[in-house]
1. What do you reckon, is F234 out of contact with any Lys or Arg (no Cβ under 8 Å at 6 or more places or on another chain), free of Cβ contacts under 8 Å to residues at least 24 places away in the same chain and either within 23 Å of C193 (Cβ to Cβ) or in a helix (DSSP H, G or I) (or both)?
2. Just for strands (runs of 3 or more DSSP E) wholly inside region 49-102: which have at least 3 residues that are open to solvent by less than 10 Å² (accessible area, probe 1.4 Å) and closer than 28 Å to M211 by Cα?
3. Could we say that Y160 is within 19 Å of L91 (Cα to Cα), open to solvent by 10 Å² or more (accessible area, probe 1.4 Å) and either assigned to a strand (DSSP E or B) or at pLDDT 95 or above (or both) here?
4. Those residues that are on the phi > 0 side of the Ramachandran plot and either buried (at least 17 other Cβ atoms within 10 Å of the Cβ) or touching a Leu at 6+ places or on another chain (Cβ under 9 Å) (or both), I need them from region 103-136; list them, please.
5. Any chance region 215-229 includes a residue that's under 28 Å from A240 (Cα atoms), at pLDDT 95 or above and of a type in the set (G, A, S)?
6. Among the residues of region 26-46, how many are free of Cβ contacts under 8 Å to residues at least 60 places away in the same chain, among the charged types (D, E, K, R) and surrounded by fewer than 20 Cβ atoms within 10 Å (Cβ to Cβ)?
7. With (1) in a helix (DSSP H, G or I); (2) open to solvent by 70 Å² or more (accessible area, probe 1.4 Å) as the list, and R274 as the residue in question, which single condition is left unmet?
Amino acid sequence: MVRDTKVGVVTVTYNSSNVMDEFMDSMLKQTHENYIFYIIDNASADDTLSKLSKYDDSRIVVVANKDNVGVAAGNNQGIKASLENDCDHVLLINNDTVFEPELIEKLVEGLDEYQCDIIVPKIMFHDNPQMIWCAGGWFNPLRAWAGVHYGNGETDMEQYDTARKITYSPTCCMLIRKNVFDTVGYMDEKYFCYFDDTDFCFRAFKKHLRMFYTPQTKLLHKEGSLTGGVESLFSIRQSAKNKVYFIRKNLNLIEKPIWLFLYELELILRLIDRRDNFKVFNLRQQSFRAGFKI
């Protein structure tokens, strides 16, 4: 039965104090109560750990890393702990999210209903709950197999209210059967953060695992609240470096040089048309080169 299903919930914190109250409130109100909640903290310098210490719930396991090992490695710590404690499924979830009490219950039900290996909910923008952030996604071979969100930036008019098979979704909220990790392995820790979820989904896609999107439950995502947004220097550095690594790792011998050349051309065009200044252009170039050293 669904209520007997044991779920390992994994979230990675890093200076997450400003989002933890709402997240913890959502988590501890879940109707599906059979879970172990692994909070992997990556050496937060704020009062994240102090806040977490105030929760008295035996299901909560806080792992305080001495160093920031990155999102991928932090997720792996939680995944491995979940499997060691005989969890049936693993839920990877961002802590910059707010969600309904039935989230876990409906996702667990969805795995059985659609006979799939991975399932994700509808994800909305927290600051604009009527706007879709991600209604599942797909890999675009005409964009170097980049992961593309369905519905991103669209007003929710119930146009994505049919459950369907997908091939990609960010791990902002993703429920995964334990056997998936035997098939595709863990998160690739070389990414640190960004593209780690793309890489994981791409491996699942190549192994023909079934991933489903369900609109029966949704959560609100405070996009960019913990990384400074896509235009922060940190995000630019990680995205550029990891995109190069993803291309080098996953594309074939014909695709690889073509997409690396086109990505370099894109960076140059961003400077020419003034979408980037020289400082950002140089950062992207340094990060592009760093992607060859991973």
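1. Details: out of contact with any Lys or Arg (no Cβ under 8 Å at 6 or more places or on another chain): yes; free of Cβ contacts under 8 Å to residues at least 24 places away in the same chain: yes; either within 23 Å of C193 (Cβ to Cβ) or in a helix (DSSP H, G or I) (or both): yes.
Taking the combined requirement at face value, the residue satisfies it.
2. Details: elements: 60-65, 89-93, 97-99.
By residue number, 89-93.
3. Working: within 19 Å of L91 (Cα to Cα): no; open to solvent by 10 Å² or more (accessible area, probe 1.4 Å): yes; either assigned to a strand (DSSP E or B) or at pLDDT 95 or above (or both): yes.
No: the conditions fail for Y160.
4. Taking region 103-136 and keeping what is on the phi > 0 side of the Ramachandran plot, we get 115, 136.
Hit for region 103-136 is G136, nothing else.
5. no
6. 2
7. Here R274 clears every test but (1).
Matching residues to (1) part of a helix (DSSP H, G or I); (2) closer than 30 Å to H32 by Cβ; (3) not polar (S, T, N, Q):
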| residue | (1), (2), (3) |
| --- | --- |
| L220 | no, yes, yes |
| K249 | yes, no, yes |
| I258 | yes, no, yes |
| L265 | yes, no, yes |
| R270 | yes, no, yes |
| V280 | yes, no, yes |
| Q285 | yes, no, no |
| F288 | yes, no, yes |
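The values are calculated or read from the model by the stated rules, or taken from the named source; none is laboratory data. This one's a predicted model, so the numbers in the text were calculated from it and none came from an experiment. Neighbour counts run over all protein chains shown; Cβ positions are idealised from the backbone, glycine included. With ligands, DNA and RNA removed, areas are computed over all heavy atoms of the protein, side chains included. Shrake-Rupley method; radii C 1.70, N 1.55, O 1.52, S 1.80 Å.
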